[in-house]
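Encoded as structure tokens, here's the structure I'll be asking about.
The values are calculated or read from the model by the stated rules, or taken from the named source; none is laboratory data. The model shown is predicted, which means the values in this text are computed figures rather than measured ones. Methodologically, a virtual Cβ is constructed for each residue, glycine included, from the backbone with ideal geometry; neighbour enumeration extends over all protein chains shown. In case anyone asks, the SASA skips ligands and DNA or RNA and just uses the protein heavy atoms, side chains included. Shrake-Rupley method; radii C 1.70, N 1.55, O 1.52, S 1.80 Å.
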Amino acid sequence: MASVLSPAGRVDLGHGCFAWMADAAGWGMSNAGLVTGRGASLLVDTLFDLRLTRAMLDGLAPVTEDAPISAVVNTHGNGDHWFGNQLVAHAEIIAARGTLTDMRQVGPAEMRALIAEESTGGRFARRIFGRFEYSGIHGRLPNRIFEGEAVLDIGGTEVRLIDVGPAHSTGDTIVHVPRARTVYTGDIVFAGSTPVVWHGPFANWLAACDLLLRLDVDTVVPGHGPVATKDTVRDVRDYLMYVHQQASARFTAGMPAEDAARDIRLGRFADLDESERLAVNVHTVYRELDPELPPLDGPRLFHRMADLGSPCPGH
């Protein structure tokens, strides 16, 4: 999948825009962003724990000393994009309505419960999230909710917020800075790793990719992975289309979702990291095609991924 290598930490994108890039790959290692204007700045997302968020705020300090953070946008309700909110509680915290719904359903307490479970799903969660520290996190929720679109003035810099969800999650916000020809996509774009469709429908995510491709932008800051271009957006779109087609064919053939996930061959997408997310994506397709299929809670979803990531005879 096409992407442009970028260093970790603070990356100057030009025109007053910065990215804060994760220093390692893997589950929960998310990116953030900073948009500056005259005497003010907008932070795009906080990180999965307080240690990471403090390090980010320290790393951004040379910029924010002259342009203090006056507003924060949480692109969606997964903890790796908002659990550090308490460290920027002085600012206005903005999110889409669907994002707030997700935050209220899965906060720090639910994450602590998941990784404490003595189950296949719990053990898998501990393995992938063991690098993070969830104690001491108080779920600071947004204090401004928007629906559809919103336009912010950050010290004279126009910033457009567009809720393209439900897709990856119940609410997914992209942050577009027209003057800088830059967009922060949250988890609508994964660069080099497997997109995960927690919510869907797939059609909304595909429409979000089409919207990104129509924007007059050169720089795409994904939720995970290196700074990218529109080529990576196309790759994400291609993956989603392929998985939906493959899962739909197996649903029509009467194959159970778990078997379908094991049966699908990923072809040119086989080298993506975290390929076990296919188990979640297939289940989401099946729920689209059969709305009476019950949803799986967090432990069972992680159980499915753990099973898919385990060796299976004949596969």
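With a point put 7 Å past each Cα toward its Cβ, work out how far Arg38 is from Tyr242 in nm, to one decimal.
Simple spin-label model gives 4.9 nm for this pair.
Can you give me the distance in nm between label points at Glu292 and Ser275, each placed 7 Å from the Cα along the Cα-to-Cβ direction?
3.6
So, one more: Answer rounded, prolate or oblate for the stretch 1-86, using the Cα gyration tensor with square roots of eigenvalues a ≥ b ≥ c: rounded when a/c is under 1.5, else prolate when a/b is larger than b/c, else oblate. Intermediate results must be reported in sequence, preceding the final value.
Values: a/c = 1.71, a/b = 1.21, b/c = 1.41.
It is oblate, given that a/c is not under 1.5 and a/b is not larger than b/c.
Same structure, new question: Using a Gaussian network model of the chain whose springs link C-alpha atoms within less than 10 Å, name the residue from Val159, Val236, Val197 with the highest mean-square fluctuation.
It is Val159.
Right, something else. Which of the listed residues, Thr99, Asn31, Gly130, is farthest toward the dipole's positive end in the stretch 25-157, when Lys, Arg count +1 and Asp, Glu count -1 at the beta-carbon?
The Cα lying farthest towards the positive end belongs to Gly130.
Still on this structure: Could you give the nm distance between label points at Ala203 and Thr229, where each point is 7 Å from its Cα heading toward the beta carbon?
Label-label distance for Ala203 and Thr229, simple model: 3.3 nm.
In Å and whole numbers, how far do the C-alpha atoms of the stretch 59-180 stretch along each principal axis, longest first?
Principal extents (largest minus smallest coordinate, Cα): 52, 33, 24 Å.
Please identify every one of the trypsin sites (Lys or Arg not before Pro) in the stretch 183-282 that sits in a loop by DSSP and has no more than 11 other beta carbons within 10 Å of its own beta carbon.
Passing sites in the stretch 183-282 are Arg265.
Now for a different question. Whole-Hz ³J(HN,Hα) for each residue in the stretch 61-67, computed from phi via Karplus 6.51 cos²θ - 1.76 cosθ + 1.60 with θ = phi - 60°, x for glycine and proline: what do you get?
So the Karplus estimates, Gly and Pro as x, are 4, x, 8, 7, 4, 9, 9 Hz.
Here is a follow-up. Within the stretch 70-137, which GluC sites (Glu not before Pro) sit in a loop by DSSP and count at most 11 neighbouring Cβ atoms inside 10 Å?
Of the GluC sites (Glu not before Pro), the ones in loops of the stretch 70-137 whose Cβ has at most 11 other Cβ atoms within 10 Å are Glu118.
Consider just the alpha-carbon atoms of the chain and return their Rg together with their Dmax, both in angstrom.
Over the chain's Cα set, Rg and Dmax evaluate to 18.8, 61 Å.
Would you mind getting the Kirkwood hydrodynamic radius of the stretch 81-137 from its Cα pairs, rounded to one decimal in Å? Kindly include the intermediate steps, with their values, before the conclusion.
Working: mean 1/r = 0.0780 Å⁻¹.
So the Kirkwood estimate lands at 12.8 Å.
Sticking with this one: For the stretch 1-145, what size does the Cα cloud have along each of its three principal axes, sorted from largest down, in whole Å?
51, 35, 27
Any idea of the accessible area per residue across the chain, 1.4 Å probe, to the nearest Å²?
41
Right, something else. Taking all protein chains as present, what is the carbon and sulfur share of the accessible area of the chain, in % to the nearest whole number, probe 1.4 Å?
The value for the chain is 50 percent carbon and sulfur by accessible area.
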